[in-house]
Amino acid sequence: MSSATGSAVEKRAPAAAAPRERARSAYPRYVAGKLAGAAVSLFAVLVTSFFLFRLIPGDPVKFMTGGRPVSAEQLAVYKEEFGLDLPLWEQFTDYCGKALSGDLGTSYQFHAPVVDKITEALPNTLLLTGTAFVLYTALGAFLGTRSAWRHGGLGDRLNTGLALTLYSIPSFWLGLLLIIVLSVGVDPIPGLFPTGGMESGREEGLAHVLDVAHHLVLPVVTLVAVEYGQTLLVTRSALLDEMGSDYLTTARAKGLRDDLVRRRHAVPNALLPTVTLVFVNLGRTVAGVILVETVFSWPGLGGLFYQALSVPDLPLVQGLFFVFAAAVILMNTLADLLYPMLDPRVGR
Amino acid sequence: MNRHDQHGSGRTAHRPWRTRLLAAAGAGALLLASGAVAPSVAAKEGDGGDAGDKVLTVAVAQSVDSLSPFLAVRLLSTSIHRLTYEYLTNYDAKDNHVIPGLATEWKSSPDKLTWTYTIRSDSKWSDGEQATAEDAAWTFNTMMTDPGAATANGSFVGNFAKVTAPSPTQLVIRLKKPQATMTALDVPIVPKHVWEKVDDFSKFNNDKDFPVVGNGPFVLTDYKPDSYVRLKANKDFWRGAPKFDELVFRYYKDQDAAVAALRKGEVSFVAGSPSLTPAQADSLKGEENIRVNDAPGRRFYALATNPGARAKDGTEFGDGDPSLLDQRVRNALFMAVDRKAIVDKVFQGHAVEGAGYIPPRFSSYFFEPSGEQELAYDPAKAAQLLDEAGYRTDSDGKRLGKDGKPLDYRILCHATDPNDKAVGKYLQEWWGELGISVTLNCLDNVTDPWLAGKYDLAFDGWSVNPDPDFVLSIHTCAALPATPKDTGATDNFICDKKYDDLYARQLGEYDAGKRAEIVKQMQSRLYDTGYMNVMAYPNAVEAYRTDQIESITTMPSAAGNIYGQDGYWSWWSAVPADSGDSSGGGSSTGTVIGIAAGVVVLVGLGVLFAVRRRASADDRE
């Protein structure tokens, strides 16, 4: 019996005999701690997002007006309009005050509120990365469980090999390849999907929904192909840790069918690392995947972030950075709050 | 270990049917999808709106910054405004000379300070109202009085004293001082009755209510940020309706994807930003139904020398190498640049050798140095010039500065521009032979060191307008920053009295021929002083589908470009190909069937899964 198996037994034992009352009474304090931590992190992000992007060299006004005739007076008007003529600390207090009331400033290049630009692109990103997220998490967890259960076999080796290969492929390259093969078409494969964008812009109602779904296929496939490997590997190794445990032998000895042993006993115990990963990925979902959004011209946050950085459009960069970071913080906090329910030892 | 393997092998027995079913379902979905969608790709488009509409789809790489003519500065947005609003004047597609637009004729007063334009009476706004001089006067006055409205085109009205509309067909502009660019006022004239309701011009983006009221060849009917801009032909356009019913600008962030879309026929035209790469152009050249247009560009590509950065108040700053203040050194450096090699090797033939500041497509202003003036490629003579200037080589062959240290020039280059890097390598080689070392500073943001004057040389380039006033103005002393802390309009800190005198003369010269002569003298002065070494004029490389576009006007019409013209000629003139198979993005019927098939398969799989779950639940205990 290996020591790994031994620890698995120990892991299982306290979970089964957890003193529930004690855990419950500790939970509010645990929650309060986590929420306070999240609040502090959010504030730190607010401060960082302001000062970090002030380090980008360059005069934003000069950038905005580069390449066209602008009088010195007009340059001064811009500076005043965007508050760039104020001392840095004043810009900062102004920024914090407004951020608290939900105003992230006005984009230099689009002359529109940052909040509007973000809410415009956010649903598109969520649609793309959300769909991909559901699929790659499900696929990764499913194949990961399979691989671990039959580990060392041909299926496992093929599975992990393929996942590792896809995981290491640059997503933009895979995307371009898919465009060439499945979109433009290579004999004898016909072009099946649009080359980019999110919609044709003519359909309405159900036809519009289907049109968007049609545009969604290739970017989602690219994301799933590149991302599922991670879930697969984490699930696989977590489950492998549990594999030799005595309680599984016991379960089998009771005469339970093999897939019941896997589903009801082994998988729930191996879930924690996967759940962590799922929540981290869920947070990242908001940030979108810049490269995939670029290759497929998906009108989401990733593309917006790229445009904001290239100016640099400070209010937009700051706003996006804050939203990205906030999403990750939020999801990690949620995961923290969920752990005690999955494993009562956490948070006591 | 063994045990695990046992579990594994033991399990396969009662599962193969499910695996096979899954595989079959997957294959079925793919087959259904391909079968349903494939024919639609070739099918005639015209989906959505009116069936049979001729749609011209243009792939663009730039997103719209604003649809308000008072705010928009990007090429795509200003091109859209050219299509949707009339300007006072336009430029002839053939040779760029000024022709009537909203104004049919114009004249200046003897004191050169009052301009009177006759506004055409056959131009209507798309809501049915008449376009009048009052609209034009209101547009200019708004820009003169509201800083928000001056955001994009404020420079055009900087010298205006007063603008009035004594009658619906008469516009009078009074100037503070004479200005030769009065027939090149590239300002969209907007309808007063619509725009006077706007509260804050600095925030109004004109992108909520469609169709947008305009009087150009197209009417803006729909816009989705970073997706598409849709325009419909204006059937009542005074010059005549466009031949295509609809014009769509579709956004492609990735140029390779845009080229793929052209190959597939999803778009009719691809320009790239600013140009297709030589590799893309070459790959498209052999394709059926695709024509690559390799046209003379409107840009110049140059090497600028730091002439000693300074502010208007006389303060010197920056750290340009003092040796470059010697004209002989600058000329020598430029005589050691093989422009032909740059065109052949770096631009792979998609460019023209440079000399004067304004590209040859603007033929009336184009300047070529005379035989004796020309600084032709001659490394030996360059070395001799450097010797004469007192910059001699030491025993190691290194050329020494006046301080006795070897010369080492820092060149600012754009990290994102492969041409800069490639040319930089050649410069290292060519100037290395003169004993001068070269350090390439390739940065994402060259603006900062540039503004601070912290460079010796820098890669530089501008797009030139039909009226060259702006690119000439950025080398005047007036463009220098007020103090080192300020930002001026200067490109390169050049301040030369002789050049300035010429600049003032051309701006006050209303005779086109005489003005062109002065502009050539200015370029000659720039050439001689050697602060700007124009190495090449990169071509505009673009491509379109001949099965969708039968003909299209280039500018200049003999051999010119299509995208980003000065005017609306390309899209206004484009004639649909007979096959009539214009592009339009997706295709509804095929998509519907394809996706429906996919959904059916997915639902099937879901049912199957549920059945399996129930079966295993029954198995339990």
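The values are calculated or read from the model by the stated rules, or taken from the named source; none is laboratory data. Keep in mind the model is a prediction, meaning the values are calculated, not measured. Ideal geometry is used to build each Cβ from the backbone, glycine not excepted, and the neighbour counts take in all protein chains shown. For accessibility, only protein heavy atoms count, side chains too; no ligands or nucleic acids. Shrake-Rupley method; radii C 1.70, N 1.55, O 1.52, S 1.80 Å.
Annotations for the structure displayed:
- Candidates A:Ile169, A:Ile179 - the one that is out of contact with any Cys (no Cβ under 7 Å at 6 or more places or on another chain), within 10 Å of chain B (Cβ to nearest Cβ) and over 30 Å from A:Leu260 (Cα atoms): A:Ile179
- Some residue of segment B:457-464 being open to solvent by less than 20 Å² (accessible area, probe 1.4 Å) and over 22 Å from the mean Cα position of the chain (by Cα): yes
- Residue in segment B:224-236 that is most open to solvent (accessible area, probe 1.4 Å), counting only those that are without any contact (Cβ under 8 Å) to a residue 40 or more places away in the chain and more than 14 Å from chain A (Cβ to nearest Cβ): B:Lys235
- Residues of segment A:24-83 satisfying the condition of being of a type in the set (Ser, Thr, Tyr) and modelled with pLDDT of 75 or more: A:Tyr27, A:Tyr30, A:Ser41, A:Thr48, A:Ser49, A:Tyr78
- Residues in segment A:207-216 that are surrounded by fewer than 21 Cβ atoms within 10 Å (Cβ to Cβ) and either more than 8 Å from every other protein chain (Cβ to nearest Cβ) or in contact with a Cys (Cβ under 6 Å, 6 or more places away or on another chain) (or both): A:His208, A:Val209, A:Val212.
- 3 or more residues closer than 30 Å to B:Asp344 by Cα and of a type in the set (A, V, I, L, M, F, W, C): qualifying helices (runs of 4 or more DSSP H) within segment B:478-583: B:512-529
- When A:Gly97 is tested against (1) crowded, with 16+ Cβ neighbours inside 10 Å; (2) modelled with pLDDT of 80 or more; (3) within 20 Å of A:Leu320 (Cα to Cα), exactly one condition is not met: (1).
- Filter pass, A:Leu309 being assigned to a helix (DSSP H, G or I), within 19 Å of A:Phe53 (Cα to Cα) and either of a type in the set (Asp, Glu) or in contact with a helix residue (DSSP H, G or I) (Cβ under 8 Å, 6 or more places away or on another chain) (or both): yes
- Some residue of segment B:72-86 being modelled with pLDDT under 90, within 12 Å of chain A (Cβ to nearest Cβ) and either more than 27 Å from B:Phe249 (Cβ to Cβ) or in contact with a Leu (Cβ under 8 Å, 6 or more places away or on another chain) (or both): no
- Residue satisfying all of: in segment A:273-297; outside any helix (DSSP H, G or I) and under 16 Å from the mean Cα position of the chain (by Cα); modelled with the highest pLDDT among these: A:Val289
- Check on B:Ala304, under 30 Å from B:Thr476 (Cβ atoms), open to solvent by less than 10 Å² (accessible area, probe 1.4 Å) and more than 14 Å from every other protein chain (Cβ to nearest Cβ): yes
- Tallying residues that are part of a loop (DSSP other than H, G, I, E, B) and open to solvent by 70 Å² or more (accessible area, probe 1.4 Å) within segment B:379-425 yields 8.
- Condition met for B:Thr221 (within 14 Å of another protein chain (Cβ to nearest Cβ), more than 22 Å from B:Trp115 (Cβ to Cβ) and either open to solvent by 10 Å² or more (accessible area, probe 1.4 Å) or of a type in the set (Gly, Ala, Ser) (or both)): yes
- Residue check for A:Glu90: facing chain B (nearest Cβ under 9 Å), open to solvent by 60 Å² or more (accessible area, probe 1.4 Å), in a helix (DSSP H, G or I) and not hydrophobic (A, V, I, L, M, F, W, C): no
- Residue in segment B:369-378 that is more than 30 Å from B:Gln506 (Cβ to Cβ) and either open to solvent by less than 30 Å² (accessible area, probe 1.4 Å) or not in a strand (DSSP E or B) (or both) present: yes
- Cβ-Cβ distances below 8 Å connect the following pairs, each with a first residue in segment A:174-185 that is closer than 12 Å to A:Leu223 by Cα, a second residue that is of a type in the set (A, V, I, L, M) and surrounded by fewer than 22 Cβ atoms within 10 Å (Cβ to Cβ), and a separation of six or more residues or different chains: A:Leu174/A:Leu166; A:Gly175/A:Leu291; A:Leu178/A:Val221.
- Set A:Gly201, A:Gly196: member being in contact with a strand residue (DSSP E or B) (Cβ under 7 Å, 6 or more places away or on another chain), within 12 Å of chain B (Cβ to nearest Cβ), of a type outside the set (D, E, K, R) and not in a helix (DSSP H, G or I): A:Gly201
- Selection of segment A:100-135 for residues being part of a helix (DSSP H, G or I), surrounded by 15 or more Cβ atoms within 10 Å (Cβ to Cβ), within 14 Å of chain B (Cβ to nearest Cβ) and β-branched (Val, Ile, Thr) yields A:Val114, A:Val115, A:Ile118, A:Thr125, A:Thr131.
- Hits in segment B:72-130 - residues which are in a loop (DSSP other than H, G, I, E, B), open to solvent by 10 Å² or more (accessible area, probe 1.4 Å) and charged (D, E, K, R): B:Arg74, B:Asp92, B:Lys94, B:Asp95, B:Asp111, B:Lys112, B:Arg120, B:Asp122, B:Asp127, B:Glu129
- The set of residues in segment A:81-102 being touching a strand residue (DSSP E or B) at 6+ places or on another chain (Cβ under 8 Å) and β-branched (Val, Ile, Thr) is empty.
- When residues of segment B:243-272 are limited to those that are open to solvent by 10 Å² or more (accessible area, probe 1.4 Å) and away from chain A (no Cβ under 12 Å), the one farthest from A:Val295 (Cα to Cα): B:Lys243
Every residue, every condition in (1) open to solvent by 50 Å² or more (accessible area, probe 1.4 Å); (2) part of a loop (DSSP other than H, G, I, E, B); (3) within 14 Å of chain A (Cβ to nearest Cβ), yes or no:
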| residue | (1), (2), (3) |
| --- | --- |
| B:Ile173 | no, no, no |
| B:Met182 | no, no, no |
| B:Leu185 | no, yes, yes |
| B:Ile189 | no, yes, no |
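- The residues of segment B:323-340 that are touching a residue at least 60 places away in the same chain (Cβ under 8 Å) and either outside any helix (DSSP H, G or I) or open to solvent by 10 Å² or more (accessible area, probe 1.4 Å) (or both), listed by number, are B:Asp326, B:Gln327, B:Arg328, B:Asn331, B:Ala336, B:Val337, B:Asp338, B:Arg339.
- Of the residues contained in segment B:350-367, none is found to be in contact with a Cys (Cβ under 7 Å, 6 or more places away or on another chain), touching a residue at least 40 places away in the same chain (Cβ under 8 Å) and not in a helix (DSSP H, G or I).
Here's the yes/no breakdown for (1) closer than 25 Å to B:Lys203 by Cα; (2) open to solvent by 30 Å² or more (accessible area, probe 1.4 Å); (3) within 25 Å of the chain's Cα centre (by Cα):
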{"position": "B:Trp138", "(1), (2), (3)": "yes, yes, no"}
{"position": "B:Asn141", "(1), (2), (3)": "yes, yes, no"}
{"position": "B:Phe156", "(1), (2), (3)": "yes, yes, yes"}
{"position": "B:Gln170", "(1), (2), (3)": "no, yes, no"}
